[in-house]
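Trainee: Sharing a structure here in C-alpha cells format.
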Amino acid sequence: GDAPTPQNLGSCKLMRECACRGPYAGFAHLHCLVEAANHDPDTWDRCPNCRQDFTGDVRLHLAQTRWETVLARNLPPEDDWERLNAADCYAQALLVCKSDHERALPLFEEVLATSRTIDGDDDVNTLVSMNNLASLHQKMGNHNLALPLFNEALEAQRRTLGKDAPDTLRTVSNLAMLLLRQENFSRSLPLAEEALEARRRTLGPRHVDTLESKHNLGLLRWHMAHGKYVSFHAASEHFGPCDLGELKLASVLLREVLEARIPLLGEDHHLTKESRRALEHSEQRVSEIRASLKIEEAVSVPINKKRPCAAVSQSKVARCKIKKMLPE
C-alpha cells in the first residue's frame, strides 16, 4: 500500500475486526484495506476472507474513507449511485460504532430524499431508508418527525410486501414503541401484540425477533400499569395508579424472555442482561405493591385519602409511597 504519513499513521496499526479467527488470520492495515476496497467494492464493508461484515473502528474508518472518496467526485446525489450506498453505510457506522446521531442525521436524510427521487416512494429500499430515518428521529427524541415516517412506511409495506413480511413487522414494532413513548397505549398495544403474534407464527417462539417483540410487550405492560411512560429509575417518584394485574403480566412476559435468551444468547449477552434488569425492576415493583396492599389492609387507610402511588388491585387501593427502585 501507500507509504505511511503523519496523517495516516493510525491506519498503519494491524487490526482485526471481523469473524476471522486464528493467530494470524484476518489482521490487516487499514490503509491496505482501503486500497483493496478501491479494487473490489464488495470489501468496503465485508472481509474478503471470512465474508462477514467488519465491525468497530475498521468498519467506521472504511465507511468514512468511502464517503470522502465519493464526495470528491462532486456529482449530484441522483447522478451517483455509489453515493447513495456510501452515505447509508457511513450513517449506519456512525450510529453503531459511535452513537453519533447528529452526524448520521443529514446522511440518512439525503439517502431517503435520493431514494424517493430515483426509486419512488414505494420501493423497498426507499421504505427501508424511511424506517431508518424514523428510527433515528425516535432515538433523538424527535417523535413528531418520526411518527409520519413510520406511518407512511407501514402503510406502503403492508400494501407492497404483505403484513407478515420481516420489514413490515420491524416497522410495526418500531411504531408500537414510539407510540408507547407518546403514551398512546390504545394504539401501541394492538401493534405490539400484532408484531409478537406474527413473529411467533412466522419465525417461531424462540427466534431473536420474536423474543424482542415479547420483551417490548412486557415493557409496554409495565408502562400501562402506571398509566403513563415511567422509566425504571423514576418509578419511585410516580404519583398515580399502579395496576398490579398489568405489572404481573409484564413480569410473566419478561421472565419468559429471559429464560429463552439465556440458552440462546448466553448469560453475558447484552440482550440477556437487558432482560434480567427489566425483570428485576418489574418483580421488585410487584413485591412492593403487594406489601403496600398489606399495609393498607392493616391500617385501614381511607381510599379517598390522597398519597403517592395508588396501587390498584382487585378493588383494593393502597396509598403507600414505594421505596426507591434499583438504578435503571
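Trainee: Of these, 75, 62, which one is buried (at least 21 other Cβ atoms within 10 Å of the Cβ) and more than 17 Å from residue 109 (Cα to Cα)? Give the steps one after another, and end with the answer.
Mentor: Details: 75 fails: buried (at least 21 other Cβ atoms within 10 Å of the Cβ).
That would be 62, the only listed residue that is buried (at least 21 other Cβ atoms within 10 Å of the Cβ) and more than 17 Å from residue 109 (Cα to Cα).
Trainee: Taking segment 95-128, which residues are hydroxyl-bearing (Ser, Thr, Tyr) and surrounded by 16 or more Cβ atoms within 10 Å (Cβ to Cβ)?
Mentor: So the first thing to find is which residues in segment 95-128 are hydroxyl-bearing (Ser, Thr, Tyr), and the list is 99, 114-115, 117, 126.
Once the filter is applied, which keeps residues that are hydroxyl-bearing (Ser, Thr, Tyr) and surrounded by 16 or more Cβ atoms within 10 Å (Cβ to Cβ), segment 95-128 yields 114, 115, 126.
Trainee: So which residues in segment 214-259 are modelled with pLDDT under 90 and under 19 Å from the mean Cα position of the chain (by Cα)?
Mentor: Across segment 214-259, the qualifying residues are 230, 231, 232.
Trainee: Among the listed residues 131, 142, identify the single one that is open to solvent by 30 Å² or more (accessible area, probe 1.4 Å) and not basic (Lys, Arg).
Mentor: Selected residue: 142, the only one of 131, 142 that is open to solvent by 30 Å² or more (accessible area, probe 1.4 Å) and not basic (Lys, Arg).
Trainee: For a quick check of your reading of the model, give me the residue pairs whose first member lies in segment 137-157 and is free of Cβ contacts under 8 Å to residues at least 12 places away in the same chain, whose second is in a helix (DSSP H, G or I) and open to solvent by 50 Å² or more (accessible area, probe 1.4 Å), with beta-carbon atoms closer than 9 Å and at least 6 apart or on different chains.
Mentor: The qualifying pairs are 141/181.
Trainee: For a quick check of your reading of the model, give me the residue pairs whose first member lies in segment 210-230 and is without any contact (Cβ under 8 Å) to a residue 12 or more places away in the chain, whose second is in a helix (DSSP H, G or I), with beta-carbon atoms closer than 9 Å and at least 6 apart or on different chains.
Mentor: Pairs that qualify, where the first residue is without any contact (Cβ under 8 Å) to a residue 12 or more places away in the chain and the partner is in a helix (DSSP H, G or I), are 230/222; 230/223; 230/237.
Trainee: What number of residues in segment 159-211 are open to solvent by 60 Å² or more (accessible area, probe 1.4 Å), under 23 Å from residue 262 (Cα atoms) and among the hydroxyl-bearing types (Ser, Thr, Tyr)?
Mentor: 1
The values are calculated or read from the model by the stated rules, or taken from the named source; none is laboratory data. Small disclaimer: the values here were computed from a predicted structure and weren't measured. No Cβ is skipped: glycine too gets one built from the backbone with ideal geometry, and neighbour counts run over all protein chains shown. Only protein heavy atoms, including side chains, enter the accessible area calculation; ligands, DNA and RNA are left aside. Shrake-Rupley method; radii C 1.70, N 1.55, O 1.52, S 1.80 Å.
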